[in-house]
Each structure stands twice: as structure tokens, then as C-alpha cells.
1. Before we move on, is residue 75 buried (at least 16 other Cβ atoms within 10 Å of the Cβ), at pLDDT below 95, within 14 Å of the chain's Cα centre (by Cα) and part of a helix (DSSP H, G or I)?
2. Scan segment 6-27 for residues that are over 18 Å from residue 72 (Cβ atoms) and modelled with pLDDT under 80 and jot them down.
3. Could you please find all residues in segment 78-99 being assigned to a loop (DSSP other than H, G, I, E, B) and either surrounded by 16 or more Cβ atoms within 10 Å (Cβ to Cβ) or within 11 Å of the chain's Cα centre (by Cα) (or both)?
4. Tally time: how many residues in segment 28-64 are at pLDDT below 70 and closer than 21 Å to residue 78 by Cβ?
5. Which is surrounded by fewer than 15 Cβ atoms within 10 Å (Cβ to Cβ), within 22 Å of residue 5 (Cα to Cα) and touching a helix residue (DSSP H, G or I) at 6+ places or on another chain (Cβ under 7 Å), of 60, 48?
């Protein structure tokens, strides 16, 4: 299902992400006992959903939110062994697009040549 509104897409992805178990859950507040971690594929699903949320934020122009989601996903993926290539592809895809946009945005500020801005425009 394709959602034409990026805000609706991000809301949908965030609601799906909230249903996933965190791979490193906090201890139980009442008993202070550690909460058992979910099975291994749950961590990959969690990281992949973070990458999808990061992409949604990137489409909306939220560079700070995108970077935070990318950093969370990267930290999680680096701690896992044998991560499926599809999960890494999602992470690297949004990371590459984020750095293209952020470097173009930061790198083209104030740099003009003959009345035109230098740098490459990037359209998602």
C-alpha cells in the first residue's frame, strides 16, 4: 500500500515500530528484575524499522531526527552477529541518502559561482 502523504507514512511506520519489542528491554519497574530479550530476529526487525522511520523523517526534511534514528540503528546492528543483508541494505540506503542531503545542504550554503549555487541538487 502506497501512502501519498509522507506524514501519514511516518505515522504508520512509527505505530508499527512501537509494537516491536526492544532488543535490549529495560528492567521491570516493579520487580527490578531484568526483562528477557526477545528472540534474535526481533533485533533485526527493530533495526530495519528504525531505518524505515529514518527515511520517512528524511523525506519530511527532519535531518536531526533522521540522524538520531540512523545512529540508533547503527548501534544496534553493530552489536549483532549474522545480520541479514536486507537489513544492512536498508540501513546503508538511508544513511547514504542522509549524507547526500546533509552534505549538499551544508556544503552549498553561501558558495556561489557566477550567480548560481555550486553543488549538486538531490531529490528523493
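1. Working: buried (at least 16 other Cβ atoms within 10 Å of the Cβ): no; at pLDDT below 95: yes; within 14 Å of the chain's Cα centre (by Cα): yes; part of a helix (DSSP H, G or I): yes.
Against the criterion (buried (at least 16 other Cβ atoms within 10 Å of the Cβ), at pLDDT below 95, within 14 Å of the chain's Cα centre (by Cα) and part of a helix (DSSP H, G or I)), residue 75 does not qualify.
2. The initial filter retains those residues of segment 6-27 that are over 18 Å from residue 72 (Cβ atoms), namely 6-9, 11-12, 27.
Listed by number, the residues that qualify are 6, 27.
3. If the condition is that a residue be assigned to a loop (DSSP other than H, G, I, E, B) and either surrounded by 16 or more Cβ atoms within 10 Å (Cβ to Cβ) or within 11 Å of the chain's Cα centre (by Cα) (or both), then 83 is the only one that fits.
4. Adding up the residues that qualify gives 4.
5. Values: 48 fails: surrounded by fewer than 15 Cβ atoms within 10 Å (Cβ to Cβ).
So the residue among 60, 48 that is surrounded by fewer than 15 Cβ atoms within 10 Å (Cβ to Cβ), within 22 Å of residue 5 (Cα to Cα) and touching a helix residue (DSSP H, G or I) at 6+ places or on another chain (Cβ under 7 Å) is 60.
The values are calculated or read from the model by the stated rules, or taken from the named source; none is laboratory data. Keep in mind that this is a model prediction, so the values were computed, not measured. In this analysis, Cβ positions are derived from the backbone assuming ideal geometry, glycine residues included, and neighbour counts consider all displayed protein chains.
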